[in-house]
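Some notes on the structure that comes next.
The values are calculated or read from the model by the stated rules, or taken from the named source; none is laboratory data. Worth saying up front: this structure is predicted, and the values here are computed from it rather than measured. Every residue, glycine as well, gets a Cβ built from its backbone with ideal geometry; the counts of neighbours run over all protein chains shown. Please note that ligands, DNA and RNA were not included when accessible areas were found on the heavy atoms of the full protein model with its side chains. Shrake-Rupley method; radii C 1.70, N 1.55, O 1.52, S 1.80 Å.
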Amino acid sequence: MAMIQPPYPRIRDAAVRALRRAAAAFLTGRRVAFAGGLVTLLMVLLFGLDPMLFWVTSHHGYLLVPSALGVPFLLPGFRFVPFADQGWTALGCEDFAALLLVGTVARTLARHRRGYPSSGRLHRLLVGWGALILGGAVSGAFRGLVVARTVQGGPLAYFGYPALGAGFGALWCLLLGWIPGLAAVFAVLPTAAVDRAREWWVESGRLVLVYLVEPAAEQIRSWRGGGRAELSVRRLEPLHDENHRAAGNAAP
């Protein structure tokens with residue numbers, strides 16, 4: 001009696017199609033904001049990594065000079081655990097500043113998309129660039145307020161530290177604003193460009209797989225096989241040497 005197989009493939013395909021429709025409905029009119037916010041989130045996650053901070057401080061120590069005046073260091077980094085002797089309260093403030101940066105970029109791009117749905121690529125590039133600068137200024141001002149509260153300064157501190165934080169945050173984002181700008185540019189591709197890419201893939205894309213990807217994969221497999229064979233031979237060589245020595249030292 002043949003066993004009845006459960007329709008797992010059909011359920012999986014239906015779930016994938018439902019997720020695609022839901023994603024398409026969610027991204028309708030939100031692609032630019034989603035792309036800009038996503039790359040900004042990746043940036044703050046990168047600045048929250050310990051190797052990133054160690055590399056910057058060891059190779060570019062002069063960037064620590066403004067920190068001696070209480071200016072927030074680099075852009076806010078999103079972290080899950082405190083860094084060194086950082087407290088949990090300071091960690092929460094830093095994570096909030098990072099999310100404030102991401103939210104400002106996404107919100108600015110969303111408003112731009114609603115107001116100018118047919119904007120050109122250069123316009124979107126400049127808006128994405130400016131959105132990161134604005135987010136850097138807002139998050140830097142908040143970080144400056146945290147510094148002023150930590151040092152328990154007077155009215156001048158509550159004005160000076162946020163101003164310095166906003167200025168240096170905007171400066172950093174002026175150097176890095178092209179990243180969300182390019183994300184906003186490529187978030188909306190012309191239909192003609194998409195059609196040309198599909199036609200190219202149908203005509204030439206498979207040739208790339210046949211003549212480049214598959215030979216490269218075959219070469220990598222051959223290298224791996226050769227390395228494993230050489231390793232096995234090296235493992236057997238001491239055994240042969242010991243047998244040869246034992247045979248040579250045997251009494252006639």
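The peptide list 169-180, 43-54, put in order of mean Cβ contacts within 10 Å with the highest first, becomes 169-180, 43-54. Summing charges over all other residues whose Cβ lies under 15 Å from the Cβ of residue 88, with Lys and Arg as +1 and Asp and Glu as -1, gives -2. What the stretch 33-175 shows is 55 Å² of accessible area per residue, with the surface traced by a 1.4 Å probe over protein heavy atoms.
Local charge for residue 79 was computed over the other residues whose Cβ lies under 11 Å away, with Lys and Arg +1 and Asp and Glu -1, and equals -3. Residue separation of residue 88 and residue 186 scaled by 0.36 nm, minus their Cα-Cα distance, works out to 31.5 nm of gained length.
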